[in-house]
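To keep things clear, I will list the structure first and then write my remarks on it.
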Amino acid sequence: MNKSSWLFPGFVLFALAFVLYGNSIRNEYAMDDAIVILKNRFVMKGADGIPGILKYDTFAGFFGEEKQLVTGGRYRPLSLITFALENQVFGTPAKNNLGEDVLAGDPHRSHAINVLLFALTAVLLYHLLLRLLGAEGSSKGNKWWFSISFLAALLFVTHPVHTEAIANIKGRDEIMTLLGALLALKFSLDYFDSDKRKYLIYSGISLFLGLMSKENAITFLAVIPAALYFFRETDLKKIMWSFAPLLGASVLFLIIRYAIIGFPTGELPAELMNNPYLEMNTGQKYATIVYTLGRYVQLLFFPHPLTFDYYPYHIPIIEIADLRFVLPFLFHLGLVVLSIWSIKRKNVYGFLALFYLATLSIVSNLFFPIGVFMNERFIYIPSIAWCIAVPMLLNEIPNWKQQFSVYLLGVVSLLFSIKTIARNPIWMNDFTLFQNDIKVSVNSAKGNVTAGGSLQTEAQKEKDPAKAKEMYEQSIAYLERALEIHPRYIDAMLLLGNTHFRLNEDLDKAFEYYFMILNLEPFNQNVVNNFGVLMNGRTTPEYRANIWERVLKGMEGADQRRRSQINSLNAMSNVAQKLGRLYGREIKDLKQAQVFFGKAVAIARERLNIAQQEIGTLGVITPAQANKDLAIVLKDLGVVHALLKESNAALTYFLETERITPNDANLLQNISIAYGDLGNEERSNVYRIKAAQMRK
């Protein structure tokens with residue numbers, strides 16, 4: 001193929017991508033950008049964070065622990081590595097929430113890189129379509145803008161359904177996945193057309209990089225051999241040679257993936273927001289899945305309205321007898337039949353059906369759960385089949401002049417472009433996105449929570465009390481709507497508690513929602529933290545003691561599996577320690593202080609045992625830190641025993657503390673006093689001298 005035959009049209013597509021998405025470069029961070037960039041501790045370390053990105057689940061850098069929110073986990077390190085490298089090159093020094101030195105990224109550069117990668121993808125797609133379909137495709141004209149290849153690439157560039165993948169920085173994993181997969185196809189074609197085996201190596205590397213961006217690229221194990229079969233003279237030996245490096249790359253990726261995050265356990269999350277089919281029977285589940293497949297088709301033909309939020313129950317529960325199941329089922333069954341029928345005939349529509357079904361299958365929920373009903377970014381790769389099929393089908397219409405196809409698709413592309421440009425600014429930040437899309441996803445629990453939460457955040461910044469009050473009240477309305485949809489939605493309860501307090505400092509109402517959460521999640525750290533913040537300086541010691549005892553009782557009543565987790569033990573130890581100090585220092589009830597410090601010591605010992613067994617596990621404290629934490633409560637318990645004139649017990653706890661922290665002058669002084677109370681003046685003097693020397 002002559003380079004000049006695609007260079008200028010390719011440049012047009014490249015430039016058009018920047019025209020359409022140029023206004024997204026002004027956007028800030030939004031949605032899951034916090035998880036992968038803004039609050040990801042590995043990404044914020046720059047190049048130094050790359051080993052951590054490669055070593056752990058994609059969510060680990062945000063949550064600080066291995067946390068499989070959805071079945072099978074997520075291992076998509078390559079896009080995170082690009083974010084880390086951006087921070088390394090362009091980032092500015094900052095402090096994270098732990099006070100650590102990090103590198104803060106620049107969202108505008110990240111958006112620009114997304115647009116650049118998308119523009120390159122468009123050019124590559126056009127190049128590949130020329131090689132597969134021919135310069136003119138099935139058109140009757142001889143101008144490049146009449147060709148099926150160009151019209152298909154034009155639809156791909158302009159289609160508004162792609163805004164989620166491009167205008168949201170996190171969507172880079174989708175862009176890089178397709179780019180890697182298309183490069184693998186290109187190099188497979190290069191090998192097939194030239195017999196040069198170096199291209200096999202390139203194709204394997206390209207697919208591997210696509211897989212390291214997102215697992216979706218594995219569907220090209222079917223797409224690439226099919227493309228060679230449908231668009232080249234049948235040579236099964238060459239097809240097998242082309243398949244070998246792709247299979248090798250996929251196996252290598254799967255080995256790495258499962259070495260990092262393990263095999264799927266088969267356990268589905270018990271939270272509706274991560275398991276949207278939780279409340280459905282089997283028939284409803286699959287009817288709803290097929291309904292979402294129909295929604296994807298609708299969005300391809302008529303991409304309005306768009307939303308980031310397809311959570312329960314913006315997507316309704318569908319029954320098998322519902323036409324909203326029957327029609328999409330028949331349509332997709334037809335695609336399956338078409339792809340099978342076309343194998344011997346090498347019909348291009350059969351290939352497009354296969355391409356669409358294969359690339360959509362991995363995000364369809366038909367074969368394994370993905371944690372959400374659907375998302376617009378999931379149609380980013382499958383949409384290619386639609387973009388090719390539409391201009392081809394128009395040219396098949398009898399007595400249809402080709403110019404009409406071009407004019408019609410030109411108008412469609414213009415309308416798509418207007419929609420794309422208008423949609424990009426909605427992704428400006430969380431507030432603009434959540435406030436806009438709740439108007440579409442009115443029945444989504446998540447949409448109502450994000451709308452309510454973002455309003456609460458903005459209300460805190462508002463200087464006009466009347467406007468702030470109005471925003472808080474609107475926030476409460478959204479959050480209450482979320483609880484109507486999903487009565488066990490913990491995020492909604494937490495935000496409702498916070499909002500009621502900020503609106504009129506209603507502690508009782510806030511705590512009502514907090515205890516609703518603790519009934520479901522006894523160790524929820526956000527709630528525990530909020531209790532402390534809201535009670536500080538506003539309540540009596542007795543009120544605080546009553547609240548903390550209710551909290552601790554709930555934790556102690558939790559099942560053993562949850563109680564024995566390191567984070568649960570952290571929470572229990574902290575609450576028991578708070579109660580010990582509260583009773584000892586403020587209420588002056590030493591016996592109760594002794595009880596709670598005793599519980600804190602027992603929990604701290606269990607915590608130390610876990611830390612010693614799980615050294616190096618992400619999210620587990622080191623034995624040294626666990627030892628230091630144990631020393632603190634041991635010392636507190638010793639002091640209470642000393643105040644109760646129980647000198648033997650006090651000395652026992654002080655000496656155990658000394659083995660952990662031998663250079664604590666106050667502790668040494670306490671040991672000296674304890675020995676003196678027991679009549680051992682010799683040992684008392686030794687420790688008195690040690691304490692004095694330590695203070696010098």
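The values are calculated or read from the model by the stated rules, or taken from the named source; none is laboratory data. If you're wondering where the values come from, they're calculated on a predicted model, not measured in any experiment. Heads up, the Cβs are rebuilt from the backbone with ideal geometry, glycines too, and the neighbour counts pull from every protein chain shown.
Pairing each residue of the stretch 173-198 that is over 17 Å from Ala249 (Cα atoms) with any residue that is of a type in the set (Asp, Glu) and outside any helix (DSSP H, G or I), provided the two are 6+ apart or on different chains, yields C-beta distances under 8 Å for Phe192/Asp235. Among the criteria (1) under 16 Å from Leu189 (Cβ atoms); (2) surrounded by fewer than 18 Cβ atoms within 10 Å (Cβ to Cβ), the one Phe263 does not fulfil is (1). Restricting the search to helices (runs of 4 or more DSSP H) fully inside the stretch 151-253 and requiring at least 1 residues that are within 27 Å of the chain's Cα centre (by Cα) and of a type in the set (Ser, Thr, Tyr) gives 163-167, 172-194, 198-213. Considering the stretch 553-564, the residues that are surrounded by 15 or more Cβ atoms within 10 Å (Cβ to Cβ) and not basic (Lys, Arg) include one that is nearest to Phe523 (Cα to Cα), namely Met555.
For the stretch 510-552, taking the residues that are of a type outside the set (Val, Ile, Thr) and outside any helix (DSSP H, G or I), the one that is surrounded by the most Cβ atoms within 10 Å (Cβ to Cβ) is identified as Pro522.
With respect to the conditions (1) in contact with a Pro (Cβ under 7 Å, 6 or more places away or on another chain); (2) over 24 Å from Arg41 (Cα atoms), Lys588 lacks only one, and its number is (1). Of the helices (runs of 4 or more DSSP H) entirely within the stretch 6-98, those holding at least 3 residues that are touching a residue at least 60 places away in the same chain (Cβ under 8 Å) occupy 77-90. Figure legend. Inter-residue proximity from the stretch 370-395: first residues under 26 Å from Phe146 (Cβ atoms) and touching a residue at least 12 places away in the same chain (Cβ under 8 Å), second residues small (Gly, Ala, Ser) and buried (at least 21 other Cβ atoms within 10 Å of the Cβ), beta-carbon distance below 6 Å, spacing 6+ or different chains. Indicated pairs: Cys387/Ala152; Ile388/Ala152; Pro391/Ala152; Leu394/Ser405; Asn395/Ser405. Per the listing Ala604, Ala571, Ala576, the residue uniquely in a helix (DSSP H, G or I), surrounded by 18 or more Cβ atoms within 10 Å (Cβ to Cβ) and either in contact with a strand residue (DSSP E or B) (Cβ under 6 Å, 6 or more places away or on another chain) or modelled with pLDDT of 95 or more (or both) is Ala576. In the set (1) in a loop (DSSP other than H, G, I, E, B); (2) more than 30 Å from Ser417 (Cα to Cα); (3) among the hydroxyl-bearing types (Ser, Thr, Tyr), Thr288 fails one condition alone, (1). Just one residue in the set Phe220, Phe263, Phe208, Phe243 is modelled with pLDDT of 95 or more and farther than 22 Å from Gly350 by Cβ; that residue is Phe208. All of (1) buried (at least 19 other Cβ atoms within 10 Å of the Cβ); (2) over 23 Å from Thr307 (Cα atoms); (3) at pLDDT 95 or above hold for Ala135 with one exception: (3).
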